[in-house]
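Report on the following structure.
The values are calculated or read from the model by the stated rules, or taken from the named source; none is laboratory data. Quick caveat, the model's predicted, so the values are computed rather than measured. Neighbour counts run over all protein chains shown; Cβ positions are idealised from the backbone, glycine included. Surface areas here come from the heavy atoms of the whole protein model, side chains and all, with no ligands, DNA or RNA. Shrake-Rupley method; radii C 1.70, N 1.55, O 1.52, S 1.80 Å.
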Amino acid sequence: MYRLVQYVVSYFRLIKGTMSEAELAWLGLRLAGARRHKAARGALRMSLPTGYVWQDGLVLDPDETVQNAIRAVFARYDVEPTAWAVMRWASRTGFTFPTRRDHTGGTSELTWNPLGYSRLVDLLHNPIYAGAYAWGRRPEREVLVHGKVRRVRMPGRDPAQWSVRIEDAHPGYIS
């Protein structure tokens, strides 16, 4: 009789552990769904690129020197044929680009550094600068690589495939 009681107790402990794992998975799915729903409304607060801040929504950076630096890069890209040409111009003229780092407590720090190529490409490809709210541009997929499941970010070049895209959601630096 004692062994039967031990068996039943261990069986219930196993079920309890399994149920808690399932509940964690369900909770994760519910949180991901809530995040997706909030992004579809345009209310999900994400980290912003330099030139934008969160106030009563997404607004241009109140510092006019930051705004002028971003507009200068876009104006130079209209003149120059490639991003490398813009880089040569920035290097030749000693152009520095702002970086705003937000800290907890609502404070932020502004630093000016030479414009790097990857920073320039990110600036040119980011739809936020065109006034579009975008979320889910590069979705993650689970794929099998060498017998192990890995999470891989897919390329998100086609705006029609983005999870959320809201045009004219906020003021933009370019049209």
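Here are a few things to note about the model shown:
- Computed from the C-beta positions of residue 150 and residue 108, the FRET efficiency with R₀ = 41 Å rounds to 0.70.
- Cα-Cα P(r), segment 91-175, percent of pairs per 10 Å interval: 14, 29, 33, 19, 5, 0
- Relative contact order of segment 17-123, pairs being alpha-carbon contacts under 8 Å that are 6 or more residues apart, as %: 16 percent
- Proximity of backbone amide H atoms, modeled 1.01 Å from N, is registered between residue 52 and 61 at under 5 Å, excluding neighbours fewer than 5 places apart on the same chain.
- Trypsin sites (Lys or Arg not before Pro) restricted to segment 39-139 and DSSP loop, no more than 10 other C-beta within 10 Å: 45
- Using the 1.4 Å probe convention, the accessible area of segment 40-164 works out to 64 Å² per residue with neighbouring protein chains retained.
- Nitroxide proxy distance, nm - points 7 Å out along Cα→Cβ at residue 23 and residue 10: 2.4 nm
- Accessible carbon and sulfur surface of the chain relative to its total accessible area, %, 1.4 Å: 54 percent
- Rg and Dmax of segment 37-79, based on Cα coordinates, read 13.1, 40 Å.
- The structure shown yields P(r) over Cα pairs in 10 Å bins from 0, in percent, and of the options (i) 8, 25, 27, 18, 10, 6, 4, 2, 0; (ii) 10, 36, 36, 17, 2; (iii) 9, 15, 12, 11, 10, 9, 8, 7, 6, 5, 3, 3, 2, 1, 0, 0 that calculated value carries the label (i).
- On a per residue basis, the convex hull of the C-alpha atoms belonging to segment 72-126 measures out at 86 Å³.
- Residue 112 accessible area, assembled protein chains, probe 1.4 Å, Å²: 100 Å²
- Additional length obtainable on full extension of the chain from residue 53 to residue 99, 0.36 nm per residue less Cα span: 15.3 nm
- Förster radius 35 Å - calculated FRET efficiency between residue 65 and residue 35 (Cβ-Cβ, nearest 0.05): 0.55
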